[in-house]
Amino acid sequence: MRLCRNGVASNVPRPGGELARDSPVPYLQGPASSSPNLLRVIPATTGRTVPRSRLRLVAVVASAAVCLLAALCYTAQPDPLAALTHLPPWVWAVPGLILVVWQLRRPPRRAAFAALLLWVLYLGVFEEETRSLLRRPTMSVKAFDEARAQGKGLRLVSANCAGGQPGVALEAAGYDPDILVLEESPPDQAVADLAAQLFGGSARVAQGPDVAIIARGQVAHIPRKGAWYLTAARAALSSGVTVSVIGAHLTPPVFELGLLSSDYWRAQQRNRKIRRDQTQEIAHLAAELAQSGPAILAGDLNCPAGDASLRPLLPLLHDAFREGGVGWGNTVLNEYPVMRFDQVWCSGELRAVRVRSVRSRISDHRIVVADLVARESTKEERAAPPLAPSPPPPRRPWRAPPPPRTAGTSPSARRPRPQSPTASPRRPTRYPW
């Protein structure tokens, strides 16, 4: 037993000569204020505790479950869960990685490494920055300048003027664009003066309620009644390129953070539906314009890349940054960009060779610079002969329908076979049964 006198524990031999160390049985302890010979019995603690390894395993499993649920939500993106998917995918990876990395040095290590691999795959699939930071331009600057001079390429610059500040347009014009798209554009006269200052007498303007398009060449404005959020034009550039341009500034998102409020979830759902209706209108317009040549959509779409509200564009247009984006492509906010609201989409006739976002000195959005070239056909497409129209299928001769079958008659009795006059009478068939 452990005998404690005056609060000091000591081991004393048992009658058999064995010392009792850390015995779970009750032990003796003497109070410091009592006599040295006075002892009292204190019962030992018998409570059970959960092993720490089991708690660490629960944390790893919870992290993996969050990863799988987040991947499922961003893949399907149902409207009732718009409050979750309007945030960048890395938001849900931060707490999950913290739980996993904290357990790498302790067992169960295999489960922690498996959960870490799930998060790496999740970020590689749903975070485009992991690919754009490693991507290199598919065409050099010199080769693009040559293609641009030959009328096979163009440079489009999109900028948000932050409430109509002309300084943002002057800043965007420093990147030598062929087409300049301005969201929250300045007044009409200011845009006209700006176009003359940038491109001289060859500049033309298509001005809408909230978006302006300035091009180096001829511009034909295409009015669209009731669509205050877009401006469409047909641009014939001085380099010989003819392209249709749609500038858009969609409905702003809901920036409140209230995941515990049902009103917040309903507001995010309504906001996505409004933006989807606007995107469908843009898709119909792009389908009409694409019949006469390439089409480009550029502007502030006010939703992150890959949002479900942009899916109506996918049959006809594709995201230029996902094809040729390099570097950190997010545009909002200018100082700390975490989401890519400003985007450029183009039809299949165009190929994005370099798309980047550059920091602005005035606007709260970054400026998007997109270098696009005409997509060349492959050798197989050029060598293949034109397909001849397939001949129509042969028409089958018309046959009269058989007479209706009556009860008690067999098909042979209903449809007798014709016999020639010289044919011998047919003998009845005998069956073995």
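For the range 283-346, a/c is not less than 1.5, where a ≥ b ≥ c are the root eigenvalues of the C-alpha gyration tensor, and a/b tops b/c. That puts it in the prolate class. In the range 55-127, the C-alpha radius of gyration followed by the widest Cα-Cα span (Dmax) gives 12.6, 40 angstrom.
Listed by Cβ neighbour count within 10 Å, with the fewest neighbours leading, Val369, Val141, Val254, Val245 appear as Val141, Val254, Val369, Val245.
Judged by the ratio a/c of the largest to the smallest principal axis of the C-alpha gyration tensor, the range 103-236 counts as prolate, that ratio being 1.5 or greater while a/b is larger than b/c. Using a/c under 1.5 as the rounded threshold, could you call the range 165-225 rounded, prolate or oblate? The axes a ≥ b ≥ c are square roots of the C-alpha gyration tensor eigenvalues, and prolate needs a/b larger than b/c, oblate otherwise. Oblate is the answer for the range 165-225, as a/c is 1.5 or above yet b/c matches or exceeds a/b. Rounded to the nearest Hz, the phi-derived 3J(HN,Hα) couplings of the range 135-150 under the Karplus curve 6.51 cos²θ - 1.76 cosθ + 1.60 (θ = phi - 60°) are 7, 10, x, 7, 9, 6, 5, 5, 5, 5, 4, 5, 5, 5, 5, 7, where x marks glycine and proline. Remark: the range 282-298, residue by residue, has Karplus-estimated 3J(HN,Hα) of 5, 5, 5, 5, 5, 5, 5, 6, 5, 5, 10, x, x, 10, 10, 10, 9 Hz, where x stands for each Gly or Pro and the curve is 6.51 cos²θ - 1.76 cosθ + 1.60 at θ = phi - 60°. In this structure the amide hydrogen of Ser360, modeled in the peptide plane, comes within under 5 Å of the amide hydrogens of Ile367, none closer than 5 places in sequence on its chain.
Each of Val157, Val353, Val181, Val58 was scored by other Cβ atoms within 10 Å of its Cβ. Listed from fewest to most, they are Val58, Val353, Val157, Val181.
Backbone phi angles across the range 355-365, fed through the Karplus curve with coefficients 6.51, -1.76 and 1.60 (θ = phi - 60°), yield HN-Hα couplings of 10, 8, 10, 10, 6, 9, 8, 10, 6, 8, 10 Hz in residue order; Gly and Pro are listed as x. Sorting Ser357, Ser244 by the number of Cβ atoms found within 10 Å of their own Cβ, with the fewest placed first, yields Ser244, Ser357.
Only the coordinates and a few stated rules stand behind these numbers; no lab work does. Only a predicted model underlies this, so the values are computations on that prediction, with no experimental measurement involved. Every residue, glycine among them, receives a Cβ derived from its backbone with ideal geometry; neighbour counts consider all protein chains shown.
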